[in-house]
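Have a look at the structure below, then the notes.
The values are calculated or read from the model by the stated rules, or taken from the named source; none is laboratory data. No experiment lies behind these values; they were computed from the predicted model shown. Positions of Cβ are backbone-derived with ideal geometry, glycine not excepted, and every protein chain shown enters the neighbour counts. These area figures cover heavy atoms from the full protein model, side chains too; ligands, DNA and RNA do not enter into them. Shrake-Rupley method; radii C 1.70, N 1.55, O 1.52, S 1.80 Å.
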Amino acid sequence: MAGPPLGTACENGRSTCARLLIHAQADVTHRTEAGGTALTVACAKGQLGCATMLIEAGASANACGVNGAPALFSAAGGGHVPCMELLIEKGGVAVDQIHEGSSGWTAMLNACYSGHLPAIEMLLRRKASIELTSAKGTTPLGMAASYGHAHCVCFLLEAGAAVDAVSHAGWTPLMNACEKGHAECVRVLLEWS
């Protein structure tokens, strides 16, 4: 089943249609059957123009979308830095906002999972924690190593991430990289050990 017109317009970057719908008093807080709002959908898809209009029309930047994912979390996972900046600057979203439905993940953890270095860089410029862990104790470095993002591993180490951080299960970033066979991550982590 199709979502509400405003969400559909924003998901597809149809800013003119979104502007018309907002002008016609479309509910910017309406949730789809999946639980998303027009703003969470726009940010997940990197639709900055639509996201900007929605915030200016009163949409909550802290509203959670599908599976309880905050808009910042979704934007970080997609590497949509301009949407992330908008949510923080205009929406007042905390850079270390926790996604309760994902075992305590933050935007930083999601960016590391997805390997989006520009998103990681922006979050660190905004003073996001480099050591804030998931509910399982996984650090951003451990997440990047586990998913084979050597460029992110290198950047996080240069930014001061603890190379020997241990998760609640006793795993280090090096162990994560070894388990998955990410040789380049292993090489970088060994250089920093």
Flag if Gly104 is more than 18 Å from Val153 (Cα to Cα), open to solvent by less than 20 Å² (accessible area, probe 1.4 Å) and free of Cβ contacts under 8 Å to residues at least 60 places away in the same chain: yes
Checklist (1) touching a residue at least 12 places away in the same chain (Cβ under 8 Å); (2) under 24 Å from Gly104 (Cβ atoms); (3) not aliphatic (A, V, I, L, M) applied to Glu33, failing item: (2)
Segment 12-58, subset at pLDDT below 90 and open to solvent by 30 Å² or more (accessible area, probe 1.4 Å), residue farthest from Leu87 (Cα to Cα): Glu33
Pair list, Cβ < 6 Å and 6+ apart or interchain, from segment 153-178 residues that are open to solvent by 30 Å² or more (accessible area, probe 1.4 Å) to residues that are part of a helix (DSSP H, G or I) and aromatic (Phe, Trp, Tyr): Val163/Trp192
Enumeration of residues in segment 35-63 that are over 12 Å from the mean Cα position of the chain (by Cα) and either among the small types (Gly, Ala, Ser) or under 24 Å from Tyr147 (Cβ atoms) (or both): Gly35, Gly36, Ala38, Ala42, Gly49, Ala51, Ala57, Gly58, Ala59, Ser60, Ala61, Ala63
Test set (1) open to solvent by less than 20 Å² (accessible area, probe 1.4 Å); (2) at pLDDT 90 or above; (3) over 11 Å from the mean Cα position of the chain (by Cα) - Ala71 fails condition number: (3)
Candidates Leu87, Leu124, filtered to the one that is part of a helix (DSSP H, G or I), open to solvent by 30 Å² or more (accessible area, probe 1.4 Å) and at negative phi: Leu124
